[in-house]
1. So, in nm, how far is label Leu143 from label Leu398 when the simple model puts each one 7 Å beyond its Cα toward the Cβ?
2. Can you tell me the 0 to 90 degree angle between the C-alpha axis of helix 75-92 and the longest principal axis of the chain, rounded to 10?
3. Per the Kirkwood formula on distinct C-alpha pairs, the Rh of region 544-658 is how many angstrom?
4. Kindly list the residues of region 394-416 that lie in the label zone of Arg337, defined by a backbone N under 17 Å from the point 7 Å along the Cα-to-C-beta vector.
5. Ignoring any ligand, DNA or RNA, what whole percent of the accessible area of the chain comes from carbon and sulfur when the probe is 1.4 angstrom?
6. For region 720-728, what does the Karplus curve 6.51 cos²θ - 1.76 cosθ + 1.60, with θ = phi - 60°, yield as ³J(HN,Hα) per residue in whole Hz, taken in order and with x for Gly and Pro?
7. Using the reciprocal of the averaged 1/r over all distinct C-alpha pairs, how large is the Kirkwood radius of region 613-737 in Å?
8. Need the full-extension length gain, Glu560 to Gln459, defined as separation in residues times 0.36 nm minus the C-alpha distance. One decimal, nm.
Amino acid sequence: MLRLAPRFRFGLWLALMLVLAGVAWRGYGQAGAVQTDLMALLPATEHNPRAEQAAAALAREGERRSLFLVGASSRAAARRGAEVFHASLERSGVYAALRFRVPPLQAAALLTPFAPYRFGLLGETDRAALQVGDTQALAQRSLKRLFSPLAGGVGLPLAQDPYATLADWLAGRAWRAGRLQLDEGLLAAQDGDRHYVFLSGELEGSAFDGELQARVATAVAAAEAELKAAQPDAELLRLGAVHYAAAARAQAEDEISTIGLGSGLGIALLMLLVFRRWQPLALSYLPVAAGVLAGAAVCVAVFGRVHVITLVFGASLIGGAVDYALHYFVAQLEDGRRWDAQAGLRRIFPGISFGVAAASLGYAGLVFAPFAALQQITVYAVAGLAAAWLTTVAALPLLLRRPGRDGSALLAGTLALAERLERPLAGARLWLLFAAIVLACLPGLARLQADDDIHLLHQPPADLKAQEDRLRQLAGGTAGGQFFLVEAGSAGELLEREEALGARLDPLVASGSLSEYTALTRFLPSPARQAQNRALYAGLLDGAAAQSLLDLGLEPAVLERLRAELGQAKDLELNEFLGMAGATRVRPLYLGVLDGRHASLVMPGRSTDFAALAAAAQGLAGVSYVDKAGSVSRLFTAYRENASLLVSLAFAAVFGLLAWRYGPRLGLVAMLPSLVAVACALAVLGYAGLPLTLFNIIALMLVLGIGIDYAVFMLEGGAHEAATLLAVSLSALTTMLSFGLLALSQTPALRTFGLSVLVGIAVAHTLTPLIRNRRKVG
């Protein structure tokens, strides 16, 4: 690189920046280029590919739906408020479909399709009674219907269903989901003296489209304002991926600006304080801008879409991107009036080249991790650091040709301060200091607890979470990401396996640990169960039960006709059932034929015992319990354990390299600042009660790499010892400013990552000058 003419190097750099700008402009100009969908970052976790397909299908179906409850102090006020809110949303046009008024289920729509299959459809109570030969309750029901026809509710005529078993079966089905009740065409709920009306909307596009998020936020805010104007005491509860995604995007944009602005201002003040000139300050932003541009452009070119977490992390790249320029600026400060731009570059070139190679290698291993977030962050960091290095090598020498101010006094003061700090720690006292720090860390290390919960990647706003909890409490809902996947070679076997699962879930419902569950077999018995039901029903048309019907006045011919119809009765097949109006609620649960196997979902309601849900599937053929968040959390645990092993191996490998270069004793001395820094970073997490996560392990990798760089620079300082000490100090401060500001993030994983880097780099930088004179090389 140095053999190329300076102007030629600059031309290549400028051309590359223009190409990257074009790539970024084109990539981020497309809709959906910036992702806010957390699930898009997650790796495949299920061994069964059909379980992954089912999880993806559920996510796609749910992401476009928004649920609302409009509440008020009276039924009339809630209905009026809901009308206003619905009308406003309808005018906005942001939802492709709005569900507000619900037509009532007509009795004929249920009775007529099921009537031919009535002998195979028995309610749970009737079936249990017939299994033990108890026909008295059914006979009493027949008698009651005979003398009070309206008492039996809606059903078939006595001659077609003398025991009203079909009416009983229909009455036992939950045709509406959740706790909502149909109230004059509206789905409603009541909690004490508060009344609520439900409505829902379905988006035409993805909930993670930033433009659509903005339109929805504007429309919902306007509708809520109209609602409050019409009903001042009204409240609005909302639930939907689009609302969470919009909040995540706003939070990320705020953090990007906060972290970027804070880091930029901090670096600016530091540059002015040290160099006392505007030129180094202005030029320091050039490698930063190049790094951010390259990271963003290469990411969108490689992945197509970039997650906001990657961009937030990339905002912290500022400190690392400016490091190479700092070494160049300090070289100018050291030379003063004798400054030669090309000579200064040649002096720092080996060091910064080694630094960017070491940093890139440190990140490179993460690109093979089956986790999109780590892959994106790795590509962003490597591309950004490489661009910052290239900017320092190709652009700065042409832009920083004028001699700088005389920095001899500053460099001498820096060296004197280091010597003053080092003097009391000569000999064995340095080892005692390290030992004392480690001892102080032990209580914090003992308190450290690992937590790999995937939810640490995103902390939703408290107000949205409170609305979700309240809405689910009033309207009911699922367990939130957990489901059972049932598979079989035929539709009949599929239903049988669902019934086997239902037999294990029913006790959980009875105990209260599970609110409910939704399954095809709650509405459609398996062919085997229908055959059993018909066999049980046959007992009602013979013997004493049949005589009781004759005693009630049923014509013998009618009884014979019932026996004939029972003998010719067929099973209600799955495909026919799915075409009926009564299948509306459960139709989406049938996934069709996947890879040659019939598949369906069983959706649990709200649960207080997820372990019991998982246990319900154990040992059942073709039944899998899928908990995507739990699976990813377990995968993160494996990643963290593997990454911890990698950190240990990295320490061993680095020690071997240092021992080869400096000998075992001095190699250990060079390692000590980084080892103690890692211990301090972990101890602070323990003392603060913060969890150890995969992201903390990644932070420790960063601390190790940067800390070793500091130690090597100190040991290799040679004739430019003071300049090296100042450059390393400035590098540490900028790194702490950039990565440390991540500690202000609202995302728990990024917050603890930033804290770990802040503490680790601070400790490594403080301790590294103490080993400065253990050896002088050069």
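The values are calculated or read from the model by the stated rules, or taken from the named source; none is laboratory data. Because the structure is a prediction, the values reported are computed rather than measured. FYI the Cβ positions are ideal-geometry reconstructions off the backbone, even for glycines, and counts take in every protein chain you see. Surface areas here come from the heavy atoms of the whole protein model, side chains and all, with no ligands, DNA or RNA. Shrake-Rupley method; radii C 1.70, N 1.55, O 1.52, S 1.80 Å.
1. Going by the 7 Å Cα→Cβ label model, 10.5 nm.
2. For 75-92 against the chain, the angle is about 60 degrees.
3. For region 544-658, inverting the mean 1/r across all distinct Cα pairs yields 21.2 Å.
4. Counting only backbone N, you get 402-410.
5. Reported share for carbon and sulfur atoms: 61 percent.
6. Each residue of region 720-728 in turn: 9, 4, 5, 5, 4, 4, 5, 4, 5 Hz.
7. So the Kirkwood estimate lands at 17.5 Å.
8. On the way: separation 101, 0.36 × 101 = 36.36 nm, distance 6.70 nm.
This chain segment gains 29.7 nm when fully extended.
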